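Some notes on the structure that comes next.
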Amino acid sequence: MDEDQYRNTYKEMNPTRCYFEKLLLLRYGNCEQANKLFLAEREAFACNDASAQQQCQRLIERLRANARFSLQLTQVNGPLPHAKEIKVQVGGLFGLQQLLAEKDLTHTESLHDNNIKFGEQTLGEQAPIHNIYIIINQAIQQYQSLEGIPYNEVVKAIINFKIPERKRKSKRSK
């Protein structure tokens, strides 16, 4: 299956795609509204609730816009390059979760703690981001709207989130 055909089929099969799909695919968190799909041996996530999907879309757009300067981008028109999108999704949601727990986001040691092993949970271990749907609803309740969230604080977690380096295979010498 070529990539254009895959994208077209993906859009047909998944009209309510999850805006935090990269976060879910990398196992950094969970969402009670997410529904896992399989297409051409690939995983995808759909949203079970149209209003929740719209909230997520508005939040991800605000996270991208507010993180623009720290990500060294002049403008944001939709999804970002892969690594930056992961920083925004994971760092943004983790930061929002920490903010709601009233933790200081200037020193987010847990984002650097090797013992957490983001994305590498085994069965029974808790992902760092507990439930996207609940976090967003708690934020709306606490700050009266998505616009009321202090994004300048959340951006600190986006900046501090370090994507784990890929383990490269060593070349064998003959």
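What follows draws every value from the coordinates through simple rules; no lab data is involved. It should be emphasised that the depicted structure is a prediction, and the values quoted were computed from it without experimental measurement. FYI the Cβ positions are ideal-geometry reconstructions off the backbone, even for glycines, and counts take in every protein chain you see.
Computed from label points 7 Å out along Cα-Cβ, the spacing between Phe38 and Met13 is 1.0 nm.
Taking R0 as 22 Å, what's the FRET efficiency between His82 and Glu3 from their Cβ-Cβ distance, rounded to 0.05? Walk me through the numbers on the way to the answer.
Values: r = 15 Å, r/R0 = 0.66.
Computed FRET efficiency for His82 and Glu3 comes out at 0.90.
Taking a point 7 Å from the Cα of Ile134 along the Cα-to-Cβ direction, the residues of the range 9-43 with backbone N closer than 11 Å to it are 30-32. With the highest mean first, a sort of the peptides 38-51, 58-71, 19-32 on other beta-carbon atoms found within 10 angstrom per residue produces 19-32, 58-71, 38-51. Pairs from the table (Lys36/Lys87; Lys22/Lys103; Lys11/Lys103; Lys11/Lys162) lying more than 27 angstrom apart at Cα are Lys11/Lys103; Lys11/Lys162.
Using a Förster radius of 22 Å, what is the FRET efficiency between Gln57 and Gln144 based on their Cβ-Cβ separation? Nearest 0.05, please.
Numbers: r = 19 Å, r/R0 = 0.87.
The value I calculate is 0.70.
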